[in-house]
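The values are calculated or read from the model by the stated rules, or taken from the named source; none is laboratory data. No experiment lies behind these values; they were computed from the predicted model shown. Ideal geometry is used to build each Cβ from the backbone, glycine not excepted, and the neighbour counts take in all protein chains shown. All accessible areas refer to the heavy atoms of the entire protein, side chains included, with ligands and DNA or RNA removed. Shrake-Rupley method; radii C 1.70, N 1.55, O 1.52, S 1.80 Å.
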Amino acid sequence: MTEAVVNSKPFQWTAKFLAKFGLSGRGLVIAVPTLWLLVFFLIPFIVVLKISFAEAMIARPPYSKLIEPTDSGFAINFSFLSYQYLVEDGLYLAAYGSSLRIAFFSTLFALLIGYPMAYFIARSSGQWRNILLMLVIMPFWTSFLLRVYAWIGILKGNGYINNLLLSLGIINEPLVMMQTDFAVYVGIVYTYLPFMILPLYANLVKLDGSLLEASSDLGAKPIMTFLTITLPLSLPGILAGCMLVFIPVVGEFVIPALLGGPDTNMIGRVLWDEFFRNRDWPTASAVAIIMLLVLVLPIMLLQKAQDGQNQDKSGI
Amino acid sequence: MNNKFRFLPIATFLGFAFLYVPIIVLVVFSFNKSKLVTVWGGFSAHWYGELLQDPQILGAAWISLQIAFISASLALVLGTLAAFVLTRIGRFWFKPLLSGMTAAPLVMPEVITGLSLLLLFVAMEAMFGWPAGRGFTTIVIAHTTFCLAYVAVVVQSRLSDMDESIEEAARDLGAKPVRVFFDITLPTIAPALMSGWLLSFTLSLDDLVIASFVSGPGASTLPMVIFSKVRLGVSPEINALASLMIGVVALGVAIAAWQLLKSPQKSKA
């Protein structure tokens with residue numbers, strides 16, 4: 001069947017036609033995904049960078065042109081207004097600070113909750129391991145938006161937790177949990193926990209059990225074995241899991257918008273408001289550029305962790 | 001030792017409870033008769049009926065399903081090509097760039113992806129007159145781009161696990177590269193292609209942030225409608241919608257698990 005297609009006249013003609021332009025089948029296979037990603041992933045960042053140096057104005061599109069034709073040629077209008085604005089208005093710096101803080105602590109909480117789970121799954125036997133792993137993956141397949149939404153009903157003033165505690169007489173007044181940083185932490189850890197567990201599991205499942213046996217045979221207590229063998233060997237998994245949580249959380253919008261209060265200032269939300277509410281595209285672009293610069297180091301760490309994991313694989 | 005054995009199962013159990021209790025509560029209360037969502041007022045499927053008569057939600061769901069189908073299919077082709085290039089084709093000078101560009105969309109904060117694509121579309125429209133306005137097409141392009149990365153990761157890991165000697169054997173026997181790909185490689189990685197497509201489909205169906213940036217008037221996806229309703233508070237209709245979507249996924253996963261459990265026996269026999 002395939003042979004018939006390959007040997008068919010139209011296929012041969014197309015191949016010859018493309019070869020005329022120096023495009024072999026190999027070149028074409030490389031070119032298609034590369035071009036798509038260049039146009040729709042890389043070039044957009046250049047556009048963002050460009051617009052971050054423009055000035056906001058009431059026009060369509062709502063920013064000034066960087067290069068404008070004049071009588072005597074071209075005028076180049078580079079403006080650092082947006083960046084100046086970011087530095088001078090304390091709100092933006094505070095938002096970057098609190099995004100990094102929230103991302104850091106929620107990554108830590110996700111690690112503390114996720115590590116024992118990943119370890120337990122990696123050590124459990126065949127059938128159970130598959131079932132538990134499926135239970136970790138399943139939330140990936142259910143709507144993220146709706147899972148965050150589920151927490152509103154649980155945490156709000158007349159929500160399930162308050163109703164339960166009030167009816168049991170444990171509290172007399174409803175606890176304020178919605179629209180606080182607490183709710184944002186819960187929502188983030190809840191949503192990103194599978195991203196932490198999966199790389200940790202992938203790492204821990206490769207851990208050679210005989211090393212642990214040797215350690216305990218030599219008289220090490222379980223905690224010593226954990227600290228001197230399991231933990232150091234799982235560092236690439238820890239790094240990968242932490243970065244997979246930390247990086248997207250820094251720019252998170254939905255969770256602070258739904259669960260956070262007016263004083264939960266995360267940079268993703270600031271960017272959103274700048275764009276949709278203030279229609280200030282240059283400032284939104286500058287916010288994005290600075291966020292990218294902040295994330296360069298974590299992204300490089302992630303790349304390193306994943307290369308490390310892959311090398312382990314090929315080493316075996 | 002004893003201590004450790006008690007700690008791990010309990011921690012794991014609590015972790016899973018944390019992951020699943022909110023979903024269970026949501027499903028249970030979707031059958032609540034009362035309009036006060038969090039107070040139980042008796043069993044009723046009333047809100048499911050309301051949901052199925054809400055033209056706004058139904059319309060948005062239809063748009064979202066179409067976008068998800070097209071994006072997932074495009075992402076499958078492009079992502080598989082990218083994965084193939086990265087695992088099977090030797091060095092070329094921009095390979096590290098391609099590798100970076102396929103991995104980066106996975107972790108890129110959605111607000112950045114959304115903003116950058118929108119600005120690109122605006123600039124392209126100003127320069128070439130295409131895409132004229134924003135809506136269905138621009139959302140499809142945006143979703144294809146980030147789903148492509150997920151497909152590439154899934155397919156890449158399958159390709160690098162696969163035994164390359166079968167492909168070599170086919171080549172040695174004189175099969176052309178195209179034929180080796182379609183007759184040997186593709187059937188072997190078919191399960192990965194399936195899960196890549198399904199993952200893309202659900203990711204596209206679920207995306208709020210990127211779609212909000214690149215959408216225009218008239219193209220509201222389901223998450224956009226849900227978000228605008230949810231911002232006003234908890235609604236029994238959304239509970240019903242969430243339960244329906246979770247039900248479909250649970251069914252899908254159950255079928256997939258059943259197939260998985262069935263297949264090893266088949267291969268043994």
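Here is how the numbers come out for the structure above:
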{"item": "Percent RCO, i.e. relative contact order, over chain A, from Cα pairs under 8 Å lying at least 6 residues apart", "result": "24"}
{"item": "Of the DSSP H helices in chain A, those whose Cα atoms cover at least 18 Å axially and whose Kyte score averages -0.5 or more", "result": "A:25-37, A:90-123, A:126-141, A:181-204, A:235-250, A:281-315"}
{"item": "Using a Förster distance of 35 Å, the FRET efficiency for A:ARG123-B:GLU164 (Cβ separation, nearest 0.05)", "result": "0.60"}
{"item": "Probe 1.4 Å, protein heavy atoms only - accessible area per residue of the range A:86-315 in square angstrom", "result": "43"}
{"item": "Accessible area of chain B belonging to carbon and sulfur atoms, whole % at 1.4 Å probe", "result": "70"}
{"item": "Carbon plus sulfur fraction of accessible area for chain A, probe 1.4 Å, in percent", "result": "68"}
{"item": "Signed unit charges on C-beta, dipole axis of the range A:86-315, positive-most listed residue A:PHE253, A:PHE104, A:SER143", "result": "A:SER143"}
{"item": "A:ILE76-B:TYR20 FRET efficiency (beta carbon distance; Förster radius 60 Å; 0.05 resolution)", "result": "0.55"}
{"item": "Only Lys, Arg (+1) and Asp, Glu (-1) charged, at Cβ; the protein assembly as shown dipole about Cα centre in debye", "result": "1080"}
{"item": "Neighbouring partner chain Cβ atoms per residue of A:247-254, average, 10 Å criterion", "result": "5"}
{"item": "Which of A:MET196, A:MET291, A:ALA122, positive extreme of dipole for the range A:86-315 (C-beta unit charges)", "result": "A:ALA122"}
{"item": "Rounded to the nearest 20 debye, dipole of the range A:57-169 from Cβ charges on Lys, Arg, Asp, Glu", "result": "680"}
{"item": "Dipole moment magnitude, nearest 20 debye, chain A about Cα centre, only Lys, Arg, Asp, Glu C-beta charged", "result": "980"}
{"item": "Per-residue average of Cβ from other chains inside 10 Å of A:279-291", "result": "2"}
{"item": "FRET efficiency for A:ASN158 and B:VAL248, using Cβ-Cβ distance with R0 set to 35 Å, rounded to 0.05", "result": "0.70"}
{"item": "Accessible area per residue in Å² at 1.4 Å probe, computed on chain B", "result": "48"}
{"item": "Length-normalised contact order for the range B:125-210 - Cα pairs under 8 Å, 6+ apart - percent", "result": "41"}
{"item": "Nearest-ten-degree value, helix B:136-161 long axis tilted from longest Cα axis of chain B", "result": "60"}
{"item": "Chain pair A, B: total accessible area buried, heavy atoms, 1.4 Å probe, Å²", "result": "7900"}
{"item": "Projected area averaged over orientations for chain B, convex hull of C-alpha atoms, nm²", "result": "22.1"}
{"item": "Karplus (6.51, -1.76, 1.60) ³J(HN,Hα), θ = phi - 60°, over the range B:234-249, in Hz, Gly and Pro reported as x", "result": "6, 10, x, 5, 5, 4, 5, 4, 4, 5, 4, 5, 5, x, 4, 5"}
{"item": "Contour minus Cα-Cα distance for A:PHE276 and A:VAL32 (0.36 nm per residue)", "result": "84.5 nm"}
{"item": "Cα gyration tensor category, rounded, prolate or oblate, for the range A:86-315 with a/c compared to 1.5", "result": "oblate"}
{"item": "Largest to smallest accessible area among A:LEU132, A:LEU168 [probe 1.4 Å]", "result": "A:LEU168, A:LEU132"}
{"item": "Amide H within-cut-off set for A:TYR63, under 5 Å, with H built and near neighbours excluded", "result": "A:MET57"}
{"item": "Euclidean distance of C-alpha centroids, the range B:1-73 and the range A:157-188, integer Å", "result": "19"}
{"item": "Highest-fluctuation residue, A:ILE267, A:ILE58, A:ILE102 considered, GNM on chain A with Cα pairs under 10 Å", "result": "A:ILE58"}
{"item": "Ordering of B:63-69, B:204-210, A:213-219 by burial proxy (mean other Cβ atoms within 10 Å per residue, highest first)", "result": "B:204-210, B:63-69, A:213-219"}
{"item": "Inter-chain shielding of B:237-246 (mean C-beta neighbours from other protein chains, 10 Å cut-off)", "result": "3"}
{"item": "GNM flexibility winner over chain A from A:ILE51, A:ILE161, A:ILE171 (Cα, springs under 10 Å)", "result": "A:ILE171"}
{"item": "Normalised contact order of chain B, rounded percent, pairs of Cα under 8 Å and 6 or more residues apart", "result": "30"}
